[in-house]
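Everything on this sheet refers to the single structure shown next.
The values are calculated or read from the model by the stated rules, or taken from the named source; none is laboratory data. Predicted model, so just to flag it, every value in this text is computed and none were measured. Note: ideal-geometry Cβ built from the backbone for every residue, glycine included; neighbour counts use all protein chains shown. Side chains are part of the model used for accessible areas, which takes the heavy atoms of the whole protein and leaves out ligands, DNA and RNA. Shrake-Rupley method; radii C 1.70, N 1.55, O 1.52, S 1.80 Å.
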Amino acid sequence: TAQVTLENARITAPFDGRVLHKTAEIGAVVSPGQEIASIYTDGALEVTVPLRQADAALIPGLFAGAPVAARVQARFAGQDHVWQGEVTRVASALDSRTRSLNVTVRLLNSGEAAATDTAPLPSGAPPALINAFANVTIDGAQVGDAYAIPSTAFREGGEVWLYVDGTLARVPAELVHVDGEDGYVRITDLPPDAEL
């Protein structure tokens, strides 16, 4: 009776896709709402990227829903594949273990991608993109008049100490970004021949 019922049952997915993995076998008893398989569509591939909070702050429009361009690169069968993409979702909470922010980048297919010399997303994309590692580059802010300094060189009160013509000069600076031991500051009036 169970076999006949199984043959008469048909479960239809809401979109065309492929099975990533199944969680129920023939003969298993399942209840309503229980997961029996995971499927994905190869027409809209996505990559989830963890971002540090300091890096997320450098991406204009990330929290405003503005389109943010990205590039995704994956290596498969000895070849590098590059696609254009855009940020489609930003997690509403930080990852509890890493304290990073998960951002989802959707790969654009050829009709959506801007005119570039990179390969469009083909139908039946390289399998390395499913459960594989990818390098993702998200466009960030272009900050003018910014200089890299050791992060410890930025002083309280918003200044850096510079060596100018044999004297120590206190120069106003604005902290733009800190990346570990490196800091980036904006100095509008940098004295000529100044040394840190």
Amide H within-cut-off set for residue 76, under 5 Å, with H built and near neighbours excluded: 81
Just for the Cα atoms in the stretch 23-103, what are the lengths along the principal axes, largest first, rounded to whole Å? 53, 36, 24
Integer Hz, Karplus 6.51/-1.76/1.60 couplings in order for the stretch 173-182, x for Gly and Pro: 8, 10, 6, 9, 7, 10, 10, x, 7, 9
So what's the back-of-envelope 222 nm ellipticity for the chain, counting only DSSP H runs of four-plus at -39500 (n - 2.57) apiece and dividing by all residues, rounded to 500? -1000 deg cm²/dmol
Once you order the gyration tensor axes a ≥ b ≥ c over the Cα atoms, which shape class does the stretch 35-82 get: rounded for a/c under 1.5, otherwise prolate or oblate by comparing a/b with b/c? oblate
Given a 1.4 angstrom probe, what's the average accessible area per residue across the chain, in square angstrom? 69 Å²
If you place +1 on the Cβ of every Lys and Arg and -1 on the Cβ of every Asp and Glu, how big does the dipole about the Cα centre of the stretch 1-112 come out, in debye to the nearest 20? 300 debye
Apply the Kirkwood formula to the chain: the hydrodynamic radius equals the inverse of the mean of 1/r over all pairs of different alpha-carbon atoms; give it in Å with one decimal. 21.3 Å
